[in-house]
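A.B. asks: Structure incoming, see below.
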Amino acid sequence: MIIKKITIRKMQMMMKTPFSTSFGTLQEKDFLVLEVQDELGNTGWGESVAFRAPWYTEETLETNLHIIKDFLIPLVLGKEIGHPDDVSSLFATIRKNNMAKAAVEGAIWDLYAKRNKLTLSQALGGERDKIEVGISIGIHDDHADLVAAVQEFINIGYKRIKVKIKPNHDIAVIRELRKHFPDVLLMADANSAYTLQNAELLKQLDAFNLMMIEQPLAHDDIIDHAVLQKQLTTPICLDESILSLEDARKAVELGSTKIINVKIGRVGGLTEAKKIHDYCMEQGIPVWCGGMLEAGIGRAHNIALTTLPNFILPGDTAGSSHYWEQDIISPEVVVEDGYIRVPTGYGIGYEPNLTVMEQFMVDEMQFDSK
Ligand code: OSB
Ligand code: MG
């Protein structure tokens, strides 16, 4: 296929409720939507998951825009691409900027699947027709509010509860949740809020039968995590630290992680995500799909990825209505009894809703091949 045209739409949407982590609170979500078109008029869609500020990784919406416009688009526009797996080698001369790469590569994956009359799940080698989903709940200062929120999500049917922890908002929070919900599948995500000096405190979490603790230590660490894991019975799951298959291999070999949270944007695209999946499957390391508070297009990519066989733990891919008054795809992503039914339409399987997109679009740029 030949990439003839690329459109970048800059979006600004308000989330229904603010989301708080150990590094701050977010309610206004800015993101990029990419549309690629081939010589036959097929289109493919991708979403950049970088936030406005660089608190999760170093990328931002504006750095993504710069890298996509000035470096990535010139590498694919007008080019013949046989398979989306080839895109990462085209991008090999550009260091990092994984979320920018994933947005372009994701749109090309969708295009490829549509052109070949496959669902994105089939194109990736996925096997499931429904996926299990959990919920990630932001920090609530008040324990009673958090307990009420957890109860509400259990009632809706979410299969696993993840709560955010940070120093002075950890052991007591988990103890309180366990008191109310002794059997629920529960995990905690620290988003790098601790250091090895907090090992004694983190060991107290072992008393609460958590499925895992996500990214307790530095965003770029795999050494201290290995030291910490030796002291904990609770499995460590790395998120921020894993940017590639090589990172995953080293972390697994060191014993820094027993579970991996795979995010397509963080690892630079679906091809790399699939490689990490395959490696972890060989090693007996379970994976699950993380979330970046995506709108519908990014969410659809997550759903397709989660159909791969080693995604055996519920992901952070909640339904559209958890985040948005109105999502930018139709139909929206719906969770029923804790499951999302994998769509059967070609490509991502959800139609971008141009009317809704126009409402939240703040800029639009087009790039044509001569
Ligand atoms: O660490 O998984 C994380 C949201 C933004 C940045 C990082 C994370 C998260 C979440 C929410 O936990 C996942 C979601 O609901 O999309
Ligand atoms: Mg995380």
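The values are calculated or read from the model by the stated rules, or taken from the named source; none is laboratory data. Fair warning: this is a prediction, and the values are worked out from it, not measured in the lab. Here the Cβ is made from the backbone with ideal geometry for all residues, glycine too, and neighbour counts use every protein chain on show. Each accessible area value is taken on the protein alone, full model and side chains, heavy atoms only, with ligands, DNA and RNA left out. Shrake-Rupley method; radii C 1.70, N 1.55, O 1.52, S 1.80 Å.
A.B. asks: Name the residue, out of 227, 342, 33, whose mean-square fluctuation peaks in a Gaussian network model built on the chain with Cα pairs under 10 Å.
C.D. replies: 227
A.B. asks: In debye, nearest 20, what is the charge dipole magnitude of the chain about its Cα centre with +1 on Lys and Arg Cβ and -1 on Asp and Glu Cβ, if you could check?
C.D. replies: Using Cβ point charges on Lys, Arg, Asp and Glu, the chain gives about 440 debye.
A.B. asks: Would you mind telling me the share, in percent, of accessible area of the chain contributed by carbon and sulfur at probe 1.4 angstrom?
C.D. replies: Working: 7260 of 14730 Å².
Summing carbon and sulfur atoms, their accessible area is 49 percent of the total for the chain.
A.B. asks: Sort 63, 7 by accessible area with a 1.4 Å probe, largest first.
C.D. replies: Working: 63 50, 7 5 Å².
From most accessible down to least: 63, 7.
A.B. asks: Put +1 on the Cβ of every Lys and Arg and -1 on every Asp and Glu Cβ in segment 130-264; which of 238, 199, 150 then has its Cα farthest towards the positive end of the dipole?
C.D. replies: The one lying farthest along the dipole's positive direction is 150.
A.B. asks: Which residues in segment 11-26 have a backbone N closer than 15 Å to a point placed 7 Å from the Cα of residue 207 along the Cα-to-Cβ line?
C.D. replies: From segment 11-26, the list is empty.
A.B. asks: Which is farthest toward the positive dipole end of segment 1-96 among 84, 46, 60, measuring Cα position about the Cα centre, with Cβ charges +1 (Lys, Arg) and -1 (Asp, Glu)?
C.D. replies: 60
A.B. asks: Might you report the magnitude of the Cβ-based charge dipole of segment 122-341 about its Cα centre, with Lys and Arg at +1 and Asp and Glu at -1, to the nearest 20 debye?
C.D. replies: Working: 21 positive and 32 negative charges, 87 e Å.
It works out to roughly 420 debye.
A.B. asks: Taking a probe of 1.4 Å, how large is the accessible area per residue of the chain, in Å²? Before the final figure, lay out each step's value.
C.D. replies: Working: 14730 Å² over 370 residues.
Per residue, the chain has 40 Å² of solvent-accessible surface.
A.B. asks: If you add up the charges near residue 296, with Lys and Arg at +1 and Asp and Glu at -1, over every other residue whose beta carbon is less than 10 angstrom from its beta carbon, what do you get?
C.D. replies: Taking every other residue near residue 296 into account, the sum is -4.
A.B. asks: Which residue, 75, 124, 243, has the most motion in a Gaussian network model of the chain that connects Cα atoms within less than 10 Å?
C.D. replies: Of the options given, 75 has the highest mean-square fluctuation.
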